Amino acid sequence: MSERWQGCVSVVVPVYNEVAHIDELMQAIHASPVKKEIIIVDDGSTDGTRDKLRAMPLANDVTVVFHEKNFGKGAAIRTALQYVRGEYVLIQDSDLEYDPQDYPALLRPLEEDQANVVYGVRPDRPERGLRFFLGAKLLTHLTNLLYGAGIHDEATCYKVFRRSLIAQIDLDCRRFEFCPEVTAKLCRMSEKIAEVPISYAPRSSSEGKKIRHADGLLAIWTLLRHRFTRRASWTRSARSDAPCAVSFCRVPPE
């Protein structure tokens, strides 16, 4: 790894129909006090988000990729992983529920060699709506039961990995099952998941929150399925091509 990318975090941002928030989101990420690059994957937006991204004066540390159509959050993350160059990889939702000012705290356990993966733990209050709160609790308890993970928030967006670690995992997620899939596989690899508290400003379905009941059922199935799959079937030493068709790509110079 070149000196430029040592200590750098690659912020992966899957985006779908966030034209009202993309400006504020980019400002918040740029304002976070860490060395970073940003990889945005627009997952088939139809509300003008793509036009805004094309028109924005993007800095040289920003990569923008457009999926040909909507494939899902997990697919967007998998595509983004083809472009990351930093020492660390951080997942950032585009809906302003999570605060990029938490990046330093999330990175600290990695920088201090305490762990290879860190999860941000949201406040333990049902402020995000009872069904989302209880659903997240169920997934966390199921993860701990199946894998002995000992974690407190499986469904959190804020997950940070060493790039060298996430590059070893072959992901097949398309939608929101990214969280249970990557958690299950990390646990199967005996990786300790460090946790730090984060701030959280929940958004309701009427405000554009996109996760649905069916995604909760898929998350449960994902946790159950990967408990028993052969590890050799999903580990690898090098990444393959992008999993979804791409219609536009702007990659900054090295």
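When restricted to residues that are open to solvent by 20 Å² or more (accessible area, probe 1.4 Å) and either at positive phi or of a type in the set (A, V, I, L, M, F, W, C) (or both), the range 172-188 contains 2. Of the listed requirements (1) modelled with pLDDT of 95 or more; (2) small (Gly, Ala, Ser); (3) more than 17 Å from Phe248 (Cα to Cα); (4) surrounded by fewer than 17 Cβ atoms within 10 Å (Cβ to Cβ), Ser32 misses just one: (4). For beta carbons closer than 6 Å, sequence separation of 6+ or different chains, a first residue in the range 165-179 that is touching a residue at least 12 places away in the same chain (Cβ under 8 Å) and closer than 18 Å to Gly216 by Cα and a second that is of a type in the set (Ser, Thr, Tyr) and surrounded by 20 or more Cβ atoms within 10 Å (Cβ to Cβ), the qualifying pairs are Glu177/Thr222. In the set (1) more than 25 Å from Ala155 (Cβ to Cβ); (2) surrounded by 17 or more Cβ atoms within 10 Å (Cβ to Cβ); (3) more than 17 Å from the chain's Cα centre (by Cα), Asn60 fails one condition alone, (2). Do we find that Phe161 is out of contact with any Leu (no Cβ under 6 Å at 6 or more places or on another chain), aromatic (Phe, Trp, Tyr) and over 20 Å from Pro104 (Cα atoms) in this structure? Judged against the criteria, Phe161 is not a match. Selection of the range 141-150 for residues being in contact (Cβ under 8 Å) with a residue 12 or more places away in the chain and either over 20 Å from Leu106 (Cα atoms) or under 17 Å from the mean Cα position of the chain (by Cα) (or both) yields Leu142, Thr143, Leu146, Tyr147, Gly148.
With open to solvent by 60 Å² or more (accessible area, probe 1.4 Å), closer than 25 Å to Ala245 by Cα and among the aliphatic types (A, V, I, L, M) as the only criterion, which of Ala55, Ala76 stands out?
Ala55
Screening the range 101-140 for residues that are without any contact (Cβ under 8 Å) to a residue 24 or more places away in the chain and not in a helix (DSSP H, G or I) and picking the one that is least open to solvent (accessible area, probe 1.4 Å) gives Glu112. Note on the range 1-29: residues that are open to solvent by less than 30 Å² (accessible area, probe 1.4 Å), farther than 21 Å from Ile166 by Cα and in contact with a Gly (Cβ under 9 Å, 6 or more places away or on another chain) amount to 1.
The values are calculated or read from the model by the stated rules, or taken from the named source; none is laboratory data. In this text, all values refer to a predicted model and were calculated from it rather than measured experimentally. We place every Cβ from the backbone using ideal geometry, glycine too, and count neighbours over all the protein chains shown. Side chains are part of the model used for accessible areas, which takes the heavy atoms of the whole protein and leaves out ligands, DNA and RNA. Shrake-Rupley method; radii C 1.70, N 1.55, O 1.52, S 1.80 Å.
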